[in-house]
Every structure is written in structure tokens, then in C-alpha cells.
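Below is one structure, written out as C-alpha cells; the observations come after it.
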Amino acid sequence: MISGRGRGKIRPPRRGLGGNADSSDFDAMWDILRSALREIHEKNASKLSFEQLYRASYKIVLKKQGDKLYDRVKEYEEQWFGSQVMPAIRKLITNNLINTTVGGGVAGTTANERRITGEEFLKGLKASWEDHNTVMNMTTDVLMYMDRVYCADNRKPSIFTTAMGLFRDHILRSRLVSADSELTTFDILNSVILDQIYMERGGDVINRHLIRSCVYMLEGLYETDEENEHEKLYLTVFEIEFLKASRIFYQNESANLLREADASTWLRQTKRRFAEEEARCQTTISLLTAPKIARVLEDTMIREHLQDFLAMEGSGIKAMIENDRYADLTLLYQHISRVDPSKEPLKNALQTRVVDLGSEINKTILNTDFSAAPEPQPEEGEAAAEGNEKPKATKLSAAARQTAAAIKWVDLVLQLKDKFDNMWKKCFDEDLILQTALTKSFSDFINLFPRCSEYVSLFIDDNLKRGIKGKTETEIDEVLDKATMLLRYIQDKDMFERYYKKHLARRLLHDKSESADVEKQMISRMKLEIGNSFTNKLEGMFKDMAMSDDLTAAYRTHISNLGDIDLKQIDLGARILTSNYWPMESMGGGATIGEDGNRQTCTWPSEIQALQDSFKAFYLRERNGRMLTWLGFLGSADIRCIFPKIPGKEGVLGRERRHEINVPTYGMVVLLLFNDLADGEYLSFEEIQQRTNIPQQNLIHILHTLAVLPKCRVLRKHPANKDPPKPGDKFCFNESFTSKSVKIKAPVISGSVNKVEGEEERKDTEDRNDEHRGNVIDTVIVRIMKARKVFSHQQLFAEVISQLSQRFKPDLSMMKRRVESLIEREYLERVEDANTPTYRYLA
């Protein structure tokens, strides 16, 4: 019996054969081999003698007639294909198959009928291929010596390779004689396999193993007998048509989805199609096609209509973000990552959406008239009910409403940031490209808001005053992280610095900070984010507060050792502020600057003046050369007031009343004027201003607190109305003042609380900041020119912008003005003969 291939080397028989044989010997040997080939093809090879057949082929080759044997075997196979194999295959090729191949389908034919007909054809072709392989394996064993000697010496393909080529040329490439067209078996095979795959894509069940067998046949056949890997028939014939048909199919499907479905359906269908095609390459066709069909899907299902699906109303990227459709966003990220490693479409869509949502927040805050509130009420005033009316709920003042708007803006921004951060982690695989895009878009819309620096500082101020109360360390760290993150987005960090210094100063001076440790943590984070130049002054403010506490304790010890009873009647707590650290103008000191530019000093009462002189002498005892300036617009005082009983009155007014009132420093100065005033006497607005030298605006505020607001109305104003005090008004001591509280805190005046600035205040702040920026730009330009000596205009401006970008975005017109100013002050000069505008540093 003839067994399979793979035998070891067969030695030639010991007996030598004659040199030249005539054709009769060849014919005799060929008759033996031909008879054996017929038996092999007819599957009757069990009785054949391998040794006899091998010896016959050996003799032929040995007698130099290998070429005739080679050709005779080829002729025999060709005849067998023509007489036995091809007729059987043609019987399986029905008119329906031909019409499907030519026209793409047959009217009135169901998918099931097409499937059955196609499977019968595939089974027949598969059986022919398997029989051919079996036959040629046996034949190759018989003709092994011819392969190893004749084929090797003459550089001809082995008989097995040649037989495979014969199957390709005489079976697969054979034209259908019964058909009018020039269709080949190849055409029918491609059409049937593609039709079967089309039906499977539509939901039908097909015989995957059968198709895989036919594909395996195509993978084993080549365009030529040289058998180059890139010339497999699978690649050159089937795969091209498969990819072409797939592209058409998925283009139509994508168009249908765009027309009839929503973005969510498109995402899921695309995911399903990718999984199906990957499974099809593993089980039905070839893994060689997997990357190619994936690219077809990427082009047709994703790339071609991506923008259309993203823009879909109600289901596109906008709806996905607004409704937190994380599953859809995850699929979208995966699909876009396939077609664009830079994720440009998703990045642009996210940036646009973030800026749109952020701009809506900005617009809402700016268009809401927070100042259009009812008549402002004192921050700590009382609401009284009149008659039978129900007590009205206490309403926030206009300033408090605006501050609440600032906190609301920051909260909305943080909510939006949390939303996209969560989305980034859950849906976008923490992609760094998208993180950079989100960071930029948040920075863009935050800096479009004109009050972003002020609002972020107010947010931090609100949290450090009362927002962290009762929170754990972890929760406090989260608040500080959010504040630092917002600071990172702000471009004009110098403007933020100005607001933060003002707000911090008020927290420290009015003892409003919830925790000094948290304040220092915040400053440490700012140092890492902005740099030492920003935090140096803030750290100096804390040093001043610590030194002031020590100095006050030392002074009190000093006074107690003196035994001076008069001085001990007033307890002094001094805050020594280094003028370079503290923003005096922002804290209310701007009103004390006179027209000549010098600070307007208050006229202190004699008892306060004596106390100041005593403290000054103590302070300068170890600090020669220092100068102390007392600031009346800061600080507060506790004053004990005695209100006499009023004759003829009963109840509260019929007895003496004692109250301890906490008033601003200016309030103390004003109230002490009324100590020496006889009953029924008045002081005019002008007299009070002349005797105290308090700036008019500050005086109006403090008189409004002491003579108009009901909570602390210890003075009476004439005329008696709720209008703000003004020149011409008169004031006297209010003997009939009553209050349920022994200790009373006067409502704070403007400048002592942190609130949103008005338009005038904001313009003043921006003007001061622009002036400061001009000085900073001067410094940077001089530093650069000192190092470069000669520098072109473009290079200089680029270098200045680069160095200042971490603090603020320099304005080009301001930079040009500063350069002109430096030229006028002879720090720089223009280089006259330079081709481009150039400057030279003047030492």
C-alpha cells in the first residue's frame, strides 16, 4: 500500500541499469505508472506496490527521460480534470449562481435557496480539491526520485506544485462553456462566498467551516508556480473582491444609520460590526484580512460620517455630555482612537462643548442683576414686624448677593470641571491628549470671564473663613486642590495676586480666618504654582501678625510694670504692618490719600494720643529708625456706653442702661467727641470732620452706621431720615437708645468685608494693576537688554512675553509704550543702521 509523503532518502538499487534505452522501455514503464495513476485517482490504490512504481519512475529518470515523464504526468492530470472533475463542477453551477454572479441577485429567489445552492457548489469544489490533494500526495511519493533529481537539476517546480498549478488553471480558471459570458469557476466561487457572508451579515446562519475550507484552498494556491507569499490566490483574487464588497455594504449601512438611527445606535452597531468581522477572520476567512477589513470599517462606519453623527440633535456629542451617557462616550472614544491617534474630532468637539457650557455660566452670572435687590439691610441688623404683619425674612445686601454670585460662579465652574474629569477617567481612558485639550478649553472660557481672578480669590476667601469649618483633613485638601486648580487656569495671575492679598489682609486683621495652618497650606501650594515672588509678601503678612501678637503681649507687661492707672484704663492691641507687604489702598486706605499724594492723618482724641505716644516710645526703644503711622481706617474698638434714665419714663427707658459697643476705629474717634457735649447740643457734619480730620467718604459711612442703622443708633441725626449723612446734617447723643443685647457689634462699613468690587472699584484696581505691570515690564526689558546688549525688536518682545507668561499676558501696546519710556529715560537707544528695528542697552 502507498503511504503518505515524508519518507527518508531512498537509495538506488545496487544493480546498475543500461546506459541508453529505447522508447519501448519508457513506454513500458509509463504504462505501469499510468495504470497506477488511474487507480490512485479512482481511489483503488490499496493493492499497488510502492516499490514497483518507485522503480519504474527511477528507471525513467535514470535514463535521462525525466522530462518526458514530467510532461506525461501533467498531461494525464489535465485530461483527468477535463474529463472527470470539471464536468462534475459544471453540474453544480446552476443558472441562479450564474445570474447572482453577473447581476448580483435573482428576482424571486429567497436567501435560503441561495444559501443551499451555494453550499452545494462549495461542497463539490471542496471535495474536488481534497481529492486532488490526496491524489497528488500519493503521486508525489511515487515520483519522489524525479522531484529530487530531475526537478532539482532542471530548476523545475515539484510535481506537487505543478499539479496545484494545474488545479488553479484547469479548474478555478476554467471558463464555463455553457455560459455566454466569460465567467470562470473563480468568479462563481467569489460570488458564492461573498453572498454567503452577505447573508450572515444580515443575520442568517451559514456553514462557516465549509467556507473556511474553500478559503484554505485559496490560501494554498498561488498566481505562479514560484509560490511567492504575496501572490496567494486568496490575496490576489478573493480578498480584493471581499474588501470591495464589504466597503459597499458598510457604506450603505452607514448611510442608513445616518438617515434612520441615532448616534447611540451607530456607536453600538459599529462596535458589533468590528467584533463580527474580527470573528469572521478567525473562523470563516483568513486572519490576513483582519487589519484590512478593520480599515474598511474605520473608513466607512467611522471616518466618512463622524462629524454628522457627532452633530446629531438629541444624540450627538452634545447630548452625550449633557446626559452623562458614559457608555456612548466610551464607544465614541474607542472608535475615534481607531481612525485618528490624535483624537482630533473628539478633542475639538470636547473643547467646543466645554467653552460653550463655560460661556453659558459666564453669561448667566453677568446677565443676572444681583444688585437689583430690595433695600439693603445691615449685615447684622434686625428685622422688626409692624402691626399684624408677619416678620419678613432677612435678605442679603447687594454686596452679599454679588459675593454669593461669585461663589456661585466658582461652584458652577468646579461642577463642570468635575463632570469632565469624571468623564475623562471613565470614558477616555485618562488620555493625555484629551486632558490637555480639556485644560486648555477650561482656561479659555475662564479667562473670557472678566472677574475670574476676583471670583476665584473670593471663593478661597469664603472657604478659609467658614467653608472648611467641621471638615476633615481630606475634605480640606480637596478644597485646596480645587482652588489651586482654578489658579492654574488663570492667565492674569498678577490680578489674582492683588485680590488675594486684599482678601487675606482683611481675614487676618479682622480675625476671620478659620485656621492659620490651612492658610499656610494654601500659600505653600501657591508657591509651587506661581513662585516665591508672589508668596513672599503673603508670608511677610503672617510674620507681621505673629510679631504683633508678641509685641502686644510685651507692651501689656511693660504697662503693668509701670503701675500707671490712667494708661491701664485703655487696653491696646496693636497690629504692626510692614507697608510693603500690605495692600493699604485696597483695604480702605485710598480715601486717606490727599490731593498732594500724602496720607491724610486722623486727629486723635487726647486719651488715644497719649496711648499712642506710650506705645511708640516702647516700640522705638529697640527699633531706632522705624516710623509708625497710625491707620484709623483699620482696626476696631470696644466702647462702654452709659445711657442715663429718662425722667418720666417707665420700663427700659426709666432706668440706666449700659452697653459695650464694638465700632470701627473711626467710630471710636467720632463717639468720643460726644463725651464732653452737653445735653441737647449738636455737632454738625462739618464740625465733626474738622475736629477728627476723617476723610469725608469714611465719615459718611461711620455716621450712617451710628446715626441711621437701627442696630447701633447711638447718635441722632437731624433731619431724622434714612438718607446717608451729608454736610449740613447735625448729630447729638441718642439718650433713648435701647437694645436687648449688652454687647453690640456695629454693622461693618465698606472696606472691612470682602465683597465683589463695583465698577469704579474694579476700574481703580485695574488701573493700579496696569501701573504695576508697566513697572514689571520695565524691569524685565532692562534685565534682558543688560544681558543681550543689542537685541532686535521682535526678539525682545518674544523674550518678554515668554518670561511674563506665567504671571500675565503682556499687552503689546503697553510693551511698546514701556520701550519708548525706557528710551526717553536713556536706558535704551535705537540702532540706526540696523536692517530690522533693534535696540541697544545703555549702561
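The values are calculated or read from the model by the stated rules, or taken from the named source; none is laboratory data. Being a predicted model, the structure only gives us computed values, none of them experimental. Using ideal geometry, Cβ is built from the backbone for each residue, glycine included, and neighbour counts are taken over all protein chains shown.
For the stretch 224-237, which residues satisfy the criterion of being of a type in the set (S, T, N, Q) and either surrounded by fewer than 14 Cβ atoms within 10 Å (Cβ to Cβ) or touching a residue at least 40 places away in the same chain (Cβ under 8 Å) (or both)?
If the condition is that a residue be of a type in the set (S, T, N, Q) and either surrounded by fewer than 14 Cβ atoms within 10 Å (Cβ to Cβ) or touching a residue at least 40 places away in the same chain (Cβ under 8 Å) (or both), then T224, N228 are the ones that fit.
Residues are listed down the side, and each one gets a yes or a no for (1) in a helix (DSSP H, G or I); (2) assigned by TED's automatic domain parsing to the domain that holds Y216; (3) modelled with pLDDT under 85; (4) of a type outside the set (K, R):
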position	(1), (2), (3), (4)
E78	yes, yes, no, yes
S83	yes, yes, no, yes
M86	yes, yes, no, yes
A107	no, yes, yes, yes
E113	yes, yes, yes, yes
E120	yes, yes, no, yes
K123	yes, yes, no, no
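Of all the residues that make up the stretch 433-475, how many are surrounded by 15 or more Cβ atoms within 10 Å (Cβ to Cβ) and within 30 Å of A516 (Cβ to Cβ)?
So the count comes out to 19.
Mind checking whether some residue in the stretch 245-260 is β-branched (V, I, T), closer than 13 Å to I302 by Cβ and either surrounded by fewer than 16 Cβ atoms within 10 Å (Cβ to Cβ) or touching a residue at least 12 places away in the same chain (Cβ under 8 Å) (or both)?
No, that holds for no residue.
(1) within 33 Å of the chain's Cα centre (by Cα); (2) buried (at least 20 other Cβ atoms within 10 Å of the Cβ): which one isn't true of E278, the others all being true?
Single failed check for E278: (2).
Evaluate the following for V215: is it on the phi < 0 side of the Ramachandran plot and outside the structural domain of R115 (by TED's automatic domain parsing)?
So V215 fails the test.
Exactly one condition in (1) modelled with pLDDT of 90 or more; (2) touching a strand residue (DSSP E or B) at 6+ places or on another chain (Cβ under 8 Å); (3) not basic (K, R) is not met by Y222; state its number.
(1)
With the requirement that a residue be among the hydrophobic types (A, V, I, L, M, F, W, C), modelled with pLDDT under 85 and either outside any helix (DSSP H, G or I) or in contact with a strand residue (DSSP E or B) (Cβ under 8 Å, 6 or more places away or on another chain) (or both), what does the stretch 486-545 give you?
The one that is among the hydrophobic types (A, V, I, L, M, F, W, C), modelled with pLDDT under 85 and either outside any helix (DSSP H, G or I) or in contact with a strand residue (DSSP E or B) (Cβ under 8 Å, 6 or more places away or on another chain) (or both): I530.
Take the stretch 816-843 and flag every residue that is under 13 Å from G774 (Cβ atoms) and of a type in the set (D, E).
Matches in the stretch 816-843: E820 only.
Could you say whether any residue in the stretch 366-376 is at pLDDT below 90, touching a strand residue (DSSP E or B) at 6+ places or on another chain (Cβ under 9 Å), surrounded by fewer than 19 Cβ atoms within 10 Å (Cβ to Cβ) and not in a helix (DSSP H, G or I)?
No, the stretch 366-376 contains no residue that is at pLDDT below 90, touching a strand residue (DSSP E or B) at 6+ places or on another chain (Cβ under 9 Å), surrounded by fewer than 19 Cβ atoms within 10 Å (Cβ to Cβ) and not in a helix (DSSP H, G or I).
State which residue pairs qualify: first residue closer than 19 Å to R488 by Cβ and inside the stretch 426-448, second residue among the aromatic types (F, W, Y) in any location, beta carbons under 6 Å apart, and separation of 6 or more residues or different chains.
From the stretch 426-448, the pairs are L434/F428; L438/F420; F442/Y489; S443/Y489; I446/Y489.
Among the residues of the stretch 601-621, is there at least one that is of a type in the set (S, T, N, Q), surrounded by 11 or more Cβ atoms within 10 Å (Cβ to Cβ) and at pLDDT below 85?
Yes, the stretch 601-621 has at least one match.
Give the residue that is surrounded by the fewest Cβ atoms within 10 Å (Cβ to Cβ), with candidates limited to residues of the stretch 320-336 that are in a helix (DSSP H, G or I) and free of Cβ contacts under 8 Å to residues at least 24 places away in the same chain.
The selected residue is E322.
How many of the residues in the stretch 232-251 are among the acidic types (D, E) and either in the same structural domain as H170 (by TED's automatic domain parsing) or not in a helix (DSSP H, G or I) (or both)?
Residues meeting the conditions: 0.
Six or more apart or on different chains, Cβ atoms under 8 Å: show the pairs whose first residue is in the stretch 38-64 and farther than 30 Å from A127 by Cα and whose second is part of a helix (DSSP H, G or I) and basic (K, R).
Listed by first residue and then by second, the contacts come to I60/K68.
From the list R295, R268, R325, which residue is at pLDDT 90 or above, over 28 Å from D421 (Cα atoms) and among the charged types (D, E, K, R)?
Just one listed residue meets the conditions, R295.
Kindly provide the set of residues from the stretch 738-768 that are under 16 Å from E497 (Cβ atoms) and at pLDDT 80 or above, ordered by number.
Passing the criteria: none in range.
Restricting to the stretch 294-333, give me the number of residues that are under 16 Å from the mean Cα position of the chain (by Cα) and closer than 24 Å to A275 by Cα.
Residues in the stretch 294-333 being under 16 Å from the mean Cα position of the chain (by Cα) and closer than 24 Å to A275 by Cα: 7 in total.
If the requirement is being at pLDDT 85 or above and under 52 Å from the mean Cα position of the chain (by Cα), which of these qualifies: I694, I688, I700?
I700
Residues being of a type outside the set (K, R) and in contact with a Leu (Cβ under 8 Å, 6 or more places away or on another chain): count how many of those fall in the stretch 341-354.
6
Residues of the stretch 644-692 being in a strand (DSSP E or B) and within 20 Å of P725 (Cβ to Cβ), which ones?
Across the stretch 644-692, the qualifying residues are I661, V663, P664, L683, S684.
What is the residue count in the stretch 278-306 for residues that are under 19 Å from Y198 (Cβ atoms), among the aliphatic types (A, V, I, L, M) and in contact (Cβ under 8 Å) with a residue 24 or more places away in the chain?
Matching residues across the stretch 278-306 total 6.
Tell me which residues, restricted to the stretch 821-843, are outside any loop (DSSP other than H, G, I, E, B) and under 26 Å from S533 (Cβ atoms).
S821, L822, L828, Y839, Y841
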